[in-house]
Amino acid sequence: MLHQPGLPFAAEGLTAELTKFDDLLFYDGPLLSHYVHKQLNKHYLFHWVDNDETSNRWLVLEVSMPHLFDYLSDDRSLHDIIKQPYNTKLLVVDTNSEGQAVLGLLVDERQLHADYVPEPDSYYEAAPTAEMPAHYQALFAEANTQVGHALYLEELRAKAVRFRLEPVDASYGTTLAAADIGSFLQRVTRSFRSFLEARFLDLFREKFIAGDEQKALSLLLNASGDPRAVFANHGSFEIDLAVDVLHLAGLDYDIILWQRQALREYKRDVFDFDFSANNPLPESLANATEEQLRGIFLPLVQIANSQNYNVQTRIGVTDKYKILKQVSRQNARKVVPAKPQNDSEEQLNTVLTNVLFELQEGRDPRTLTLSELRRAVVSVTTGDESATTVTEFVDANGTTIVLREPIEVTLSRTGEYFQAIYEPLGIDTLGVNARAALEGVERELRRLLSMLQQYDEEPNQPIGEKIGRKLQLFRELL
């Protein structure tokens with residue numbers, strides 16, 4: 001065998017501490033085996049590299065659970081695994097004909113013999129349609145609750161998409177308003193969730209019995225629908241967004257593979273889509289419904305046409321930034337289908353109606369902004385009962401949250417007070433005037449947002465069925 005320098009150690013007890021999980025590569029004997037150290041909860045790959053008349057030589061690599069998943073999914077090679085920070089020190093072990101370790105060397109990765117270093121294309125090369133064995137699916141599902149936070153963050157960053165915002169007006173240097181940053185992230189999240197829904201139903205609907213695909217979609221959206229911020233930089237706002245990288249119990253292997261790269265697919269087919277040219281929609285969205293296309297592209301058009309900032313994006317720190325160009329009204333109409341008119345509305349005869357503006361005394365209605373107009377107008381339906389729509393509210397951090405669909409709030413006079421009701425969310429508030437009652441509605445929306453955020457941070461906390469339904473409905477409005 002080749003001469004390999006290193007620090008000798010007693011290897012006889014090494015295999016006694018390890019349990020073989022599976023042989024991954026086999027040809028007249030195992031060539032790559034997966035071992036588990038159950039006490040330390042660590043995983044190792046034994047890679048056959050050399051032999052002589054009496055012994056076999058193995059290169060022993062530690063492997064993290066996400067990296068093992070990547071390897072079995074042909075998304076990462078052995079060469080990549082050996083270059084990970086946790087493999088700066090390697091084990092080279094000789095075993096006898098009975099598989100017992102007889103010699104061990106502790107080797108610096110830089111001193112490993114060149115013939116023992118895995119080739120850059122040393123992928124597992126599983127068949128594209130091959131199903132991951134059930135015992136590996138169970139292993140990765142269990143790892144969801146065991147992976148270390150630091151390692152998990154490293155994996156998220158490895159698959160992240162970076163966004164950079166720069167202000168249009170340099171009056172405040174490279175800084176951006178917090179409301180602009182919040183609005184950008186909300187719109188990206190809303191667009192990405194719509195993209196996940198459209199692509200999932202297009203790719204995997206046939207895998208499920210009618211109705212079950214919605215349960216699977218809900219599971220996917222809860223895990224990956226809200227990208228996580230894994231890096232933020234100073235100056236012009238720069239942030240890396242990523243989605244879950246671990247196996248998600250309850251979903252098939254091919255869905256998990258797609259889920260792990262969906263954010264990059266979104267960047268390629270949606271964020272990098274050239275709105276400025278007369279291009280056809282990306283092929284991946286050929287079967288998307290008009291409602292799904294609105295959900296995907298409308299937030300993006302709003303981002304592209306922001307008067308306060310410009311957006312650039314890239315994958316990886318060495319790639320060039322892709323600039324999101326502004327979208328003309330004509331091109332926007334090509335990718336954002338018009339919202340269909342309600343059939344029942346088309347059949348109704350229209351009449352002129354009175355409109356009540358509740359304004360501060362002395363305020364000239366002609367000076368109202370569009371946002372103030374929405375808050376002030378109350379469409380009168382009867383003398384004692386009115387209705388108005390709420391399209392947005394301000395959260396506890398001062399960020400404006402725009403609802404996916406406006407909600408219609410019923411206003412009625414109750415004695416000396418005004419009452420505002422939105423039954424689907426169980427909102428019922430009182431105020432000395434209509435404005436005060438509607439402010440109570442906004443307070444309730446802020447409270448629901450806080451509850452939803454707390455539940456997302458601790459999804460295992462017990463909540464009642466009624467509150468769960470309310471939070472799910474509220475999530476659909478965001």
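The values are calculated or read from the model by the stated rules, or taken from the named source; none is laboratory data. Model, not experiment: these values are computed from the prediction. Backbone-built Cβ (ideal geometry, glycine too); neighbour counts: all protein chains shown. Ligands, DNA and RNA are excluded from the accessible area calculation, which covers all protein heavy atoms including side chains. Shrake-Rupley method; radii C 1.70, N 1.55, O 1.52, S 1.80 Å.
The protection proxy used here, the mean number of other Cβ atoms lying within 10 Å of each residue, ranks peptides 191-200, 327-336, 10-19 as follows, highest first: 191-200, 327-336, 10-19.
Here Kirkwood radius over Cα pairs in Å was calculated from the structure, and among [x] 23.4; [y] 26.7; [z] 27.4 it sits at label [y]. Positive contributions from Lys and Arg (+1) and negative ones from Asp and Glu (-1), summed over other residues with Cβ under 11 Å from the Cβ of Arg164, come out at 0.
Direction-averaged shadow area of the convex hull around the Cα atoms of region 1-150, nm²? Mind showing how you got there, number by number?
Numbers: hull surface 37.8 nm².
Directional mean of the projected Cα hull area for region 1-150 stands at 9.5 nm².
Each Lys or Arg adds one and each Asp or Glu takes one away; over the other residues whose Cβ falls under 14 Å from the Cβ of Tyr44, this sums to 0.
The residue among His135, Leu40, Phe184 whose Cα reaches farthest toward the positive pole of the charge dipole of the chain, with charges on the beta-carbon of Lys, Arg, Asp and Glu, is Phe184.
State the extension gain, in nm to one decimal, for the chain segment bounded by Gln330 and Gln472, taking 0.36 nm per residue of separation less the distance between their alpha-carbons. Please report the intermediate quantities before stating the final value.
Numbers: separation 142, 0.36 × 142 = 51.12 nm, distance 3.57 nm.
Result for the pair: 47.5 nm of gain on full extension.
Separation of region 217-283 from region 447-478 is 23 Å, based on Cα centroids. Normalised by residue number, the volume inside the convex hull of the Cα atoms of region 389-471 is 102 Å³ per residue.
When only the Cβ of Lys, Arg, Asp and Glu is charged (+1, +1, -1, -1), the dipole of region 131-242 relative to its Cα centre reaches about 100 debye.
Would you mind putting 279-292, 451-464 in packing order, based on average other-beta-carbon counts within 10 Å, highest first?
Values: 279-292: 14.4, 451-464: 10.5.
Answer by packing, highest mean first, reads 279-292, 451-464.
Please report the net charge: other residues with Cβ closer than 9 Å to the Cβ of Gln419, K and R +1, D and E -1. Don't skip to the end; give the middle numbers.
On the way: positive: Arg413; negative: Asp428.
In short, 0.
Computed about the Cα centre, the dipole magnitude for region 152-205 is approximately 240 debye when only Lys and Arg (+1) and Asp and Glu (-1) carry charge, each at its Cβ. Evaluating kT/(6 pi eta Rh) at 10 °C and 1.306 mPa s, with the Kirkwood radius of region 23-106 over Cα pairs in the Stokes-Einstein relation, gives 118 µm² s⁻¹.
Protein heavy-atom accessible surface, 1.4 Å probe, per residue over the chain: 56 Å².
Remark: relative contact order (region 7-106) = 28 percent; criterion is Cα-Cα distance under 8 angstrom and separation of 6 or more residues.
In debye to the nearest 20, how big a dipole does the chain give about its Cα centre with +1 on each Lys and Arg Cβ and -1 on each Asp and Glu Cβ? Could the numbers behind the result be given before it?
Details: 47 positive and 71 negative charges, 349 e Å.
Dipole size: approximately 1680 debye.
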